[in-house]
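Reading through the C-alpha cells given below for one structure.
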Amino acid sequence: MSEETDYLKVLDRTVLSDGWGTLTRYKVGFRRRDGTWQEMVREAYDRGHGAACLLHNPETDCVLLTRQFRLPVWLSGFDPFMIEAPAGLLEGESPEERMRGELIEETGFEVSSLEHLYDVHMSPGSVTEYLAFFAGTYHVNDQVGDGGGLQEEGEDIEVMHVPLSDALKMVRSGEIRDAKTIILLQELALRKLGPQT
C-alpha cells in the first residue's frame, strides 16, 4: 500500500499497542472534495480479517447459531452471552478454508459446499478488518463432532438449532444483537422471499 495517493498522505504513524492486534495512531493529510488539504489524526486497530457463515437446514428450516461470552459486550453493560453465526479470524488461510475449520470447531458440522456472498467492513471508522460472508446448507448427518470451540483458546460455545422464524423474531426483540448474524439472517430471509427486483 502506497504511503501517498492523490487524496491521502501518511505524515506519521505511532504504534500504541501490539498485543492480540495492533493499534496505530496515524497523522495524515487528506484532500477534501473542494481540493484543500487538511491534517487529521486517526487511530486504526488491525487484528486481521475474518469469515462468518450462516448454515440453514431446509428440512427443519432451522439455522445453526452459537452462543458465547463476549467481554467487550459485558464491558458495555449488555448481556455478554451473544447469539451469533459461526465466525473466526483467517489466520493466513483462505476465507472458505478457515470458515470450514471454524464450523467444525464451533458447531461440529462439516458441510460440502459454501457460497461466498460478499465481504463487509463491520466497523470501518476504526477497525481494518473485513469479514467474508458465507451461506450454506446443513443436515443432521453432517455432524462430525461436538463443536463447542477450542478450550485452549478460552472458547465455551453453545450450539443452537433455531427455527429461522424464531431467529428473525430474536433480532426484533434484541435477543440477537450481533451485526454479522443479523446481516446473514436477513440475507436468508430475503432469499426465501424469492427474486428481488
Of all residues being in a loop (DSSP other than H, G, I, E, B), free of Cβ contacts under 8 Å to residues at least 60 places away in the same chain and not small (G, A, S) in the stretch 110-133, which is farthest from E84 (Cα to Cα)? Just the residue, please.
P124
Considering only the stretch 34-47, I want to know if a residue exists there that is aliphatic (A, V, I, L, M) and within 29 Å of L114 (Cα to Cα).
no
Restricting to the stretch 161-197, name every residue that is part of a loop (DSSP other than H, G, I, E, B) and surrounded by 15 or more Cβ atoms within 10 Å (Cβ to Cβ).
I176, R177, D178
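Condition check ((1) more than 21 Å from the chain's Cα centre (by Cα); (2) assigned to a strand (DSSP E or B); (3) assigned by TED's automatic domain parsing to the domain that holds L164) across all residues:
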residue	(1), (2), (3)
S17	yes, yes, no
T24	yes, yes, no
G29	yes, yes, no
G35	yes, no, no
L55	no, yes, yes
W74	no, no, yes
So which of E84, E102 is modelled with pLDDT under 95, in contact with a strand residue (DSSP E or B) (Cβ under 6 Å, 6 or more places away or on another chain), surrounded by 15 or more Cβ atoms within 10 Å (Cβ to Cβ) and closer than 14 Å to G50 by Cβ?
E102
Could you tell me whether any residue of the stretch 134-153 is within 19 Å of P58 (Cα to Cα), among the acidic types (D, E) and in a helix (DSSP H, G or I)?
yes
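The values are calculated or read from the model by the stated rules, or taken from the named source; none is laboratory data. All of these numbers come straight from a predicted model, not from anything done at the bench. Cβ atoms come from the backbone with ideal geometry, glycine included; neighbour counts cover every protein chain shown.
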